[in-house]
1. Would you please give the FRET efficiency between residue 224 and residue 358, computed as 1/(1 + (r/R0)^6) with r the Cβ-Cβ distance and R0 = 25 Å, to the nearest 0.05?
2. Taking a cut-off of 16 Å between Cα atoms, list the aspartates and glutamates near residue 8, but don't count ones fewer than 8 places away on the same chain.
3. If you take every residue apart from residue 171 with its C-beta less than 14 Å away from the C-beta of residue 171, what net charge results, scoring Lys and Arg +1 and Asp and Glu -1?
4. Compute the distribution of all C-alpha to C-alpha distances in segment 135-293, in bins of 5 Å from 0, and list the percent of pairs in each, rounded to whole numbers.
5. Using a Gaussian network model on the chain with a 10 Å cutoff between Cα atoms, which of 178, 192, 219 fluctuates the most?
6. Any chance you could give the angle, 0 to 90 degrees and rounded to 10, that helix 276-294 forms with the longest Cα principal axis of the chain?
7. With +1 on each Lys and Arg Cβ and -1 on each Asp and Glu Cβ, how big is the dipole of the chain about its Cα centre, in debye rounded to the nearest 20?
8. Estimate the FRET efficiency between residue 253 and residue 123 by the formula 1/(1 + (r/R0)^6), using the beta-carbon distance for r and 51 Å for R0, to the nearest 0.05.
Amino acid sequence: MLTNFLLKKVVKDNTDFKDRHMRRQVGYLSGVIGIIVNFLLFLIKLSVGLLASSVAILADAFNNLSDAASSVITIIGFKLSNKPADKEHPYGHGRIEYISALVIAFLVMLVGFQFVKTSINRILNPEPITFKWIPFILLFVSIFFKLWLALFNKKLGYKIDSASLKATATDAMGDVFTTSVVVISFFAARFTAFPIDGYIGCIVAVIILYAGFNLIRDTVNPLIGEAPDKELVEELTTGVLSYDYITGVHDLIVHNYGPSRTMASIHAEIPADIPIMTIHEIIDKAERELSEKLQLHLVIHMDPICIISEEVAKVKNEISKIIKYNPLIKSMHDFRVIGEGDNKNLIFDIVVDAYKLEKIISEEKLKLSINEAVKEINPKYQCIITIDKEY
């Protein structure tokens, strides 16, 4: 309820969460709330940790302080990522949002390493823990603050499809578990002189490090270029195929320049005997409509497919039989026959499973095996094959 109230105050009547201005406002909201809640939790846990002389509680306190710093970075990241495109950055600054998430991840890792050291020192040089009910209750209540913050950022992250906010939500949910463990260890200190505080501090630090590692992995992937979302691939391929005269698609490439800044290109197969102006109008319409529908910039390349004569149909059918039983090959496209008389080239592309190909056979050997199989059918054919790898 509180999340919806705060969100409504920001978005008002605008419900287009892919709008750049709207994304920026939601990012600011997440950052401001994060700073307030995390700094409040830092002060509470710092006071409790100092009073109780607990390194585990102090570790958790400074983890919250790093989260407050992360919220500042979130605000700066959304501010910079929404700068308009310029001469040096013609595709905008959207990837800065990923960089801000990466900075957050490194801050989390830094806190984790620091408290591994502090916790080990507490195990080697234990100090008594002073248990009090009021600090215990404050710690217990802080769990619910962090749980709400995790759900708050998760909802906002999925609303605007933000890697930064999703990372913040994951970190906050990890903190829920971390603080729960700290609270249990604090309570257990009433009943034992064993230096449980130092061991729990190590557990908390390792959890923080693990969360930081996952955040780094999740934010580096889009920066170095990850595979496109399967749902987007399906929507693009079925969308292009839904237009008149387009009989096949291949060579889909998706470039991510930040949230809501995606470019895609795809090859569309069309009969070669269609008037060029007719198919040009259809391609233009497909690019325009699908770009608007999927919130990206789509470029479609036309691949004219030669008119299927009796000879072409026969030889294509033979090639299809050859590749059908090869588990590496997923499909064939751009098939055409070039030349006359006794020497003809069969030119086509095959799509292969990249992972299996690297383990089983080289590209050259795969081409050679197909060529030899074709020559057994008709020696006058020479295959010119292009291999497209699918990951």
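Throughout, read-outs are computed from the coordinates displayed, never taken from laboratory work. The structure presented is a predicted model; accordingly, all values stated were derived computationally and were not measured. Every residue, glycine among them, receives a Cβ derived from its backbone with ideal geometry; neighbour counts consider all protein chains shown.
1. Rounded to the nearest 0.05, the efficiency is 0.85.
2. In chain and number order, the partners are 16, 19.
3. Working: positive: 146, 154, 166, 217; negative: 60, 67, 175, 218.
For residues surrounding residue 171, the net value is 0.
4. With 5 Å bins starting at 0, P(r) equals 1, 7, 12, 13, 11, 9, 8, 7, 7, 6, 5, 4, 3, 2, 2, 1, 0, 0.
5. 192
6. 10
7. Once rounded to the nearest 20, the dipole reads 1960 debye.
8. Working: r = 53 Å, r/R0 = 1.04.
Calculated value: 0.45.
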